[in-house]
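Just so it is clear, none of the values below were taken in a lab; they were calculated from the coordinates. On a predicted model such as this, the values are computed, not experimentally measured, just so you know. As a convention, Cβ positions derive from the backbone with ideal geometry for all residues, glycine included, and neighbour counts pool all protein chains shown.
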């Protein structure tokens, strides 16, 4: 990697702090090392007590781990945030328009903007959704858009998450933790609050209830206490004051969904589901699913229940569709994209394939359907053998891969074993859409940090940590 | 509320109560083991208690003979035995975790912290952990859990199911401890006899009733009065009457369309205890009485599960 990463806190030319970090860096400079060490230990102990943990797949049953929390915040000045916010609203509006179009007239395919087979032969395309009208035309009610900053300091979208994006509970808990550990910082800065997220989320979910339901019952559908994101499911349900249900708690009768309660069956109008499409209804999707509700799709197609996010959104956040999002923005909104993509080679194209095979050691190669940092080659960090293994896989099935330049993700000072050191970060803001409402984004999002020196993988499943994210209002 | 949620809350509180009851029993026997010349009485009492609580078989699978220290460790900290205090604390925490959104955050943190600390103690194991301190700690955590429940939870269905769990478990525990000592409780012939004082201290301490007895009766300990205190006293928090009263009133608060018969049976159990006299129970025989009581308690637990926790299959 020839380029130097953009440092979020310090200027490259003289090492001074950027404007948004000025007060913080002055504060940091006078903190005794033992006070900071003690605060870090306190944070760990508190996260354990409160049970803010995630289950680890493939480990001893019931193993729970903390996502490491770093006490140095990621700070965004208001002007940068305003631009990001506008870009995110634009992008998510276009993505919702795209999904609606794909499951109706498919104008974007007819216009030749995206090759039809890219969409219709995609495993994430759900023919069951064709022609179904969803409430308010909203498909991705909750979107998590992964943003990175490149070496030039430009924000770019790395990935759209439109199925069941997670992490928002860490955004909220990290803020709570920072306020508890360092209250003085909050009186010295004007930091935009984030704790109204559950209210906004509930309002958006209620807005998409089936037409005619005056006081809709919203539930959160979880896979259960052993799911890796269970803490977040329980947390959000509690914060919104709605029931946290499992598939076994729900049943379908006369094309309507009910939950089993101590007072008999109770009608459910909106399901905020945190399980994948494949597991929702064993009668339609995976018949072996124990997590779903038999007959759910019948009720859904009849418009008697709303599922958020809608079924079939995966067709829009697939890595093979990602390169077309800027075109979608132009096609549906007639606007130029405010936030750009990362340049992407689509290996199904012969010329892209040839280039990538010639430059593998410099590039990042991703599996189109991979997620969570799995199934990925980071050229500069990979061994010769790994690169050759990927080369064979790519040549065998080039359509399964895309490639991107190895980005010098921006860095932020982070506590490491030997003290503060720069570590690469990204940002996942959560974008909420509802019926008759403006698209809303709580200021900031979840900042994830790759704790290993030089690493670009921020996923919690691969040793990533998190930081509090501040949007300064002045 | 969701039937599954009610189910987890009910079991959460049953397991915490069970951990406390076991801690009291270990505590009572542990104290006895520290007294001189307690040998035979101690092992007799231990055996009777283990039989009444169905611990004997699981213990025998791991240990050849009943040895007090081994029993204490087995009941307190055995990881594999599902009936140990450690397992109960884990089960309480797992049930709480499954419905943490329905608990107040204080209650969840209390149960989670209890389990985290218990896990550390279990790793250290005996003899590094003082058994007396351990059971004392378990009782305190149970008191704290109950206090947080009462002090922070909304008085809604969730609260009532939590209480039903607590009192069904407590009634079961008191009845079993009485069963273990039922031979001494046959007051028939000699109602004023004073049997082995060690035995009485175990029985009364295990039910937090030693000081209560003195205060209520201001008299020497007689089997008749002990039985009266633990079965029929309305103001004794661990008596069978008190527990049945609590179960009945909490059941009434959550009544649904199909629970009328369950409610009636709970009311009947309460009324029978309320209007009977110790002499009637003695005439019937204490062992027979306790056996019948435990059977009706089991029936009540099954009916609660059927009416509220495991709803009938939807057609």
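What to note about this one:
- Principal axis dimensions, largest first and in whole angstrom, of the range A:85-198 by Cα: 57, 36, 23
- Evaluated at q = 0.18, 0.20, 0.30 Å⁻¹, a Debye calculation over the C-alpha positions of the range B:206-261 (equal weights, vacuum) places log10 I(q)/I(0) at -0.63, -0.71, -1.19.
- For the range A:143-181 and the range B:218-294, distance of Cα centres in Å: 58 Å
- Cβ-derived FRET efficiency at R0 35 Å, residue B:258 paired with residue A:203, nearest 0.05: 0.45
- Ratio of Rg to Rh over the range A:431-474 (Cα coordinates, Kirkwood Rh, two decimals): 1.16
- Computed over the range B:1-70, the ratio Rg/Rh where both radii use C-alpha atoms and Rh is Kirkwood: 1.14
- Estimated D of the range B:165-310 in µm² per second, where Rh is the Kirkwood radius over Cα pairs and Stokes-Einstein applies at 25 °C, 0.890 mPa s: 156 µm²/s
- Quarter the surface of the alpha carbon convex hull of the range B:246-315 and you get the mean projected area, 5.3 square nanometres.
- In nm, spacing of pseudo-spin labels at residue B:235 and residue B:79 (7 Å Cα→C-beta vector): 4.8 nm
- Binning all Cα-Cα separations of the range A:1-156 at 5 Å, short to long from zero, yields these whole-percent fractions: 1, 6, 10, 10, 11, 11, 13, 13, 10, 7, 4, 2, 0.
- Sites residue A:188 and residue A:369, calculated FRET efficiency, Cβ-Cβ separation with R0 56 Å, nearest 0.05: 0.75
- Once you reduce the range B:137-185 and the range B:67-122 to the center of their Cα atoms, the two points are 15 Å from each other.
- Peptide B:92-100, shielding by other chains (average Cβ, 10 Å cutoff): 4
- Taking every C-alpha pair closer than 8 Å and separated by at least 6 residues, the mean separation divided by the residue count of the range A:51-165 gives a relative contact order of 16 percent.
- Translational diffusion coefficient (Stokes-Einstein; Kirkwood radius from C-alpha pairs) of the protein assembly as shown at 10 °C, 1.306 mPa s, in µm²/s: 53 µm²/s
- Residue-averaged [θ]222 nm for the protein assembly as shown, counting only DSSP H segments that reach four residues, each worth -39500 (n - 2.57): -14500 deg cm²/dmol
- Stokes-Einstein diffusion for chain B at 10 °C, viscosity 1.306 mPa s, with a Kirkwood radius from C-alpha pairs, works out to 78 µm²/s.
- The simple Förster model, with R0 at 30 Å and r as the Cβ-Cβ distance, assigns residue B:277 and residue B:54 a FRET efficiency of 0.45.
- The percentage of C-alpha pairs in the range B:1-153 whose separation is greater than 20 Å is 49%.
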